[in-house]
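Contents: one structure, followed by commentary.
The values are calculated or read from the model by the stated rules, or taken from the named source; none is laboratory data. If you're wondering where the values come from, they're calculated on a predicted model, not measured in any experiment. FYI the Cβ positions are ideal-geometry reconstructions off the backbone, even for glycines, and counts take in every protein chain you see.
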Amino acid sequence: MRIAFMGSGGLGGYFGARLCAGDCEVHFIARGRHLQAMRDEGLRIEGPNAMHIARVNATDDPREVGVVDFVMLCVKLWDTEQALRQIRPMVGPATTIISFQNGVLKDQDLRAAFDESQIMGGVAYVATTVDRPGVVRQTGPMQRLIFGLSGTTTTIRKPIGPIREHPQTRAFLLDVMREVVAVGRAHGADLAEDYARVRLELADGVAYDMTSSMHHDLERGNALEVRWLAGGVVELGRRAGVPTPLNRAIADILALHEGGTR
């Protein structure tokens, strides 16, 4: 099976390495110093599931890869439009494209660019970040792909542990998720009314110091994906006539940080 990861950061790098260890033929699309380090020294995962893939297939040109069975889309949301153009040489009639990006609007661009029969919905649960070129650091044991919590950790500027333990911030987290569930149900998603409570129980089971990729980006002065996350919930809520005051607050609070500070 040939698998290409469009985006080889914390998410793509981690799961790509795990698939390499499982003897899949994996191709990483990366750029800059991270790409060069992967070419020179392979890809290293640090943390609970440490490993070193000494030799990896890494390039910045998808044309060198050719048609694959699966394209895993793992780029930041603002790079989606460009990424969808770049992956075309890797997409054949039998190729499946799965977006493991953040956000509630992420698959709209895929459906506009490719036949819907080639698109599969995806969600990733893992706490990782690129620690330095060629090295992905995992900060908690959770590792799961399915075929989000970002706004809360970023706005409060704390990992999930303190947020879930303090009564006031725990209630805030639950109400944020309830808004998302209400919007999803209004758009026809088959979600139970208590789905937010179920997801809060999931948050109780993750590592204390787990946080979101958007929180990492805020700390590093990078641009934020907030317009596709909390902002996406606000937009979908507006279309369905569902109030989303807490997600609106998150989007407004982070608006001045959206472009990054670097």
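Suppose the filter is aromatic (Phe, Trp, Tyr), crowded, with 18+ Cβ neighbours inside 10 Å and either closer than 23 Å to Gly184 by Cα or not assigned by TED's automatic domain parsing to the domain that holds Tyr14 (or both); does Phe100 pass it?
On the way: aromatic (Phe, Trp, Tyr): yes; crowded, with 18+ Cβ neighbours inside 10 Å: yes; either closer than 23 Å to Gly184 by Cα or not assigned by TED's automatic domain parsing to the domain that holds Tyr14 (or both): yes.
Here the answer is yes, as Phe100 does meet what is asked.
Is at least one residue of segment 125-137 charged (D, E, K, R), part of a helix (DSSP H, G or I) and crowded, with 16+ Cβ neighbours inside 10 Å?
As a first pass, look at segment 125-137 and keep what is charged (D, E, K, R): 131-132, 137.
Within this subset, residues satisfying the condition of being part of a helix (DSSP H, G or I) are none.
No, because not a single residue in segment 125-137 is charged (D, E, K, R), part of a helix (DSSP H, G or I) and crowded, with 16+ Cβ neighbours inside 10 Å.
Being in a loop (DSSP other than H, G, I, E, B) and crowded, with 18+ Cβ neighbours inside 10 Å is the filter here; which residues of segment 83-94 pass it?
Keep residues of segment 83-94 that are in a loop (DSSP other than H, G, I, E, B), which gives 87, 91-94.
Ile87, Val91 - these are the residues of segment 83-94 that are in a loop (DSSP other than H, G, I, E, B) and crowded, with 18+ Cβ neighbours inside 10 Å.
Looking only at segment 26-44, decide whether some residue is surrounded by fewer than 20 Cβ atoms within 10 Å (Cβ to Cβ), out of contact with any helix residue (DSSP H, G or I) (no Cβ under 6 Å at 6 or more places or on another chain) and more than 16 Å from Arg132 (Cα to Cα). Give the derivation first.
We begin by selecting, within segment 26-44, every residue surrounded by fewer than 20 Cβ atoms within 10 Å (Cβ to Cβ); these are 31-33, 35-37, 39-42.
So of that shortlist, the ones also out of contact with any helix residue (DSSP H, G or I) (no Cβ under 6 Å at 6 or more places or on another chain) come out as 31-33, 35-37, 39-42.
Imposing the further condition that a residue be more than 16 Å from Arg132 (Cα to Cα) reduces the set to none.
No: segment 26-44 contains no residue that is surrounded by fewer than 20 Cβ atoms within 10 Å (Cβ to Cβ), out of contact with any helix residue (DSSP H, G or I) (no Cβ under 6 Å at 6 or more places or on another chain) and more than 16 Å from Arg132 (Cα to Cα).
Out of Ala21, Ala50, Ala54, which single residue is modelled with pLDDT of 95 or more, farther than 24 Å from Gly103 by Cβ and of a type in the set (Gly, Ala, Ser)?
Working: Ala21 fails: modelled with pLDDT of 95 or more; Ala50 fails: modelled with pLDDT of 95 or more.
The conditions single out Ala54.
Mind listing just one residue for me: the one in segment 225-262 that is assigned to a loop (DSSP other than H, G, I, E, B) and at pLDDT 90 or above and, of those, nearest to Thr154 (Cα to Cα)? Outline the logic, then answer.
Initially, segment 225-262 is screened for residues assigned to a loop (DSSP other than H, G, I, E, B), giving 225-229, 241-244, 258-262.
In the following step, the residues that additionally are at pLDDT 90 or above were identified as 241-244, 258-259.
Numbers: Gly241: 26, Val242: 24, Pro243: 22, Thr244: 18, Glu258: 12, Gly259: 14 Å.
Here the answer is Glu258.
Name the residue that is surrounded by the most Cβ atoms within 10 Å (Cβ to Cβ), counting only residues in segment 141-176 that are modelled with pLDDT under 85 and assigned to a helix (DSSP H, G or I).
So the first thing to find is which residues in segment 141-176 are modelled with pLDDT under 85, and the list is 141-151.
If we keep only those that are assigned to a helix (DSSP H, G or I) as well, we get 150-151.
Values: Ser150: 23, Gly151: 28.
The qualifying residue surrounded by the most Cβ atoms within 10 Å (Cβ to Cβ) is Gly151.
Exactly one of these conditions fails for Thr80: (1) surrounded by fewer than 21 Cβ atoms within 10 Å (Cβ to Cβ); (2) in contact with a Lys or Arg (Cβ under 9 Å, 6 or more places away or on another chain); (3) assigned by TED's automatic domain parsing to the domain that holds Met6. Give me its number.
Here Thr80 clears every test but (1).
Does Arg132 satisfy being within 16 Å of Ser8 (Cβ to Cβ) and at pLDDT 80 or above? Spell out the reasoning first.
Values: within 16 Å of Ser8 (Cβ to Cβ): yes; at pLDDT 80 or above: yes.
Against the criterion (within 16 Å of Ser8 (Cβ to Cβ) and at pLDDT 80 or above), Arg132 qualifies.
Can you report the number of residues in segment 43-102 which are touching a Gly at 6+ places or on another chain (Cβ under 9 Å), farther than 20 Å from Arg2 by Cα and among the β-branched types (Val, Ile, Thr)?
Residues flagged as touching a Gly at 6+ places or on another chain (Cβ under 9 Å), farther than 20 Å from Arg2 by Cα and among the β-branched types (Val, Ile, Thr) within segment 43-102 amount to 1.
Taking segment 189-219 as the search range and keeping residues that are assigned to a loop (DSSP other than H, G, I, E, B) and under 17 Å from the mean Cα position of the chain (by Cα), which one is modelled with the lowest pLDDT?
As a first pass, look at segment 189-219 and keep what is assigned to a loop (DSSP other than H, G, I, E, B): 189-194, 205-212.
Applying the additional criterion that residues be under 17 Å from the mean Cα position of the chain (by Cα) yields 206, 210-212.
Values: Val206: 75, Met210: 80, Thr211: 82, Ser212: 82.
Applying the filter and picking the extreme gives Val206.
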